[in-house]
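Here's the structure we're looking at; comments come further down.
The values are calculated or read from the model by the stated rules, or taken from the named source; none is laboratory data. What you see is a predicted model; the values in this text were computed from it and never measured. Cβ: placed from backbone, ideal geometry, glycine included. Neighbour counts: every protein chain shown. To get the accessible areas, we keep the full protein, side chains included, count just its heavy atoms, and leave off ligands, DNA and RNA. Shrake-Rupley method; radii C 1.70, N 1.55, O 1.52, S 1.80 Å.
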Amino acid sequence: MKDRKQKIQHQTLVLILFLNFSFAQNRDTSEVNTFRLGLVLGAGAGILTLAHLQQYSSWWKGELTKFHFKDDFNQVLQADKFGHAYFSYLISDLFGRALQWAGVEKNSALIWGGIGSLLFQTYVEIEDGFRPNLGFSTSDEIANFIGASFPYVREKIKGLQVLNYKMSIFPSEKFKSGAHRFIVDDYES
């Protein structure tokens, strides 16, 4: 059961990280396709619900405590900060492109993509703030903001369009042996 769960988690992460969504109608328009917009919002709500359930199972299950801050800036060579920025960027970019596919004007789509990403990532930090072994991390939230705003900023500052995130993950022996519940917890990978 544990191996099957890890395999599903790994496949989900691979899908999120490497699947390049290519929307046929990636254009600015003043006519929003309500059916497509409904698909985008419904799929987004479903994905966020699944992400919540995964995070609850991996990190949040158990004892609650009074909301507190715990910054972890100097840990694991800031790999966690890069991860926060990267996943915020992925959510923002995907949501922004999906909104464009639904007919939302590009500038607005990029803004809403960033807002949606930051709201979700802030929700994650708030949940962390109620966990005794975690805590709301200000440096994580700053990384979330940087990642969520990057697609919009890159669009506005033409010189930044040459920059893009790239990440490679190779499961470590510790992960393969079951030392981590989810591969994003294994910074060695």
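Descriptive notes on the structure:
- Positions within the stretch 126-147 being under 15 Å from Phe82 (Cα atoms) and not in a loop (DSSP other than H, G, I, E, B), in sequence order: Thr138, Ser139, Asp140, Glu141, Ile142, Ala143, Asn144, Phe145, Ile146, Gly147
- Verdict on Leu134 being more than 23 Å from Leu39 (Cα to Cα) and in contact (Cβ under 8 Å) with a residue 24 or more places away in the chain: yes
- Beta carbons closer than 8 Å, at least 6 apart along the sequence or on distinct chains, pair a first residue in the stretch 115-129 that is among the hydrophobic types (A, V, I, L, M, F, W, C) with a second that is outside any helix (DSSP H, G or I) and surrounded by fewer than 17 Cβ atoms within 10 Å (Cβ to Cβ) for Ile126/Phe67.
- Matching residues, the stretch 54-81, being open to solvent by less than 90 Å² (accessible area, probe 1.4 Å) and more than 16 Å from Gly129 (Cα to Cα): Gln54, Ser57, Val76, Gln78, Ala79, Asp80, Lys81
- The stretch 148-178, subset part of a helix (DSSP H, G or I) and among the hydroxyl-bearing types (Ser, Thr, Tyr), residue most open to solvent (accessible area, probe 1.4 Å): Tyr152
- Boolean, Ile16 is of a type in the set (Val, Ile, Thr) and modelled with pLDDT of 95 or more: no
- Qualifying position, being under 17 Å from the mean Cα position of the chain (by Cα) and of a type in the set (Ser, Thr, Tyr), among Ser92, Ser108: Ser92
- Among the residues making up the stretch 101-138, those that are among the small types (Gly, Ala, Ser) and either open to solvent by 60 Å² or more (accessible area, probe 1.4 Å) or at pLDDT below 95 (or both) are Gly129, Gly135, Ser137.
- Among the candidates Lys81, Lys106, Lys61, Lys70, the residue that is free of Cβ contacts under 8 Å to residues at least 24 places away in the same chain and charged (D, E, K, R) is uniquely Lys61.
- Residue within the stretch 83-96 that is open to solvent by 30 Å² or more (accessible area, probe 1.4 Å) and among the hydroxyl-bearing types (Ser, Thr, Tyr) present: no
- Residue check, Tyr89 in a helix (DSSP H, G or I) and over 25 Å from Asn164 (Cβ atoms): no
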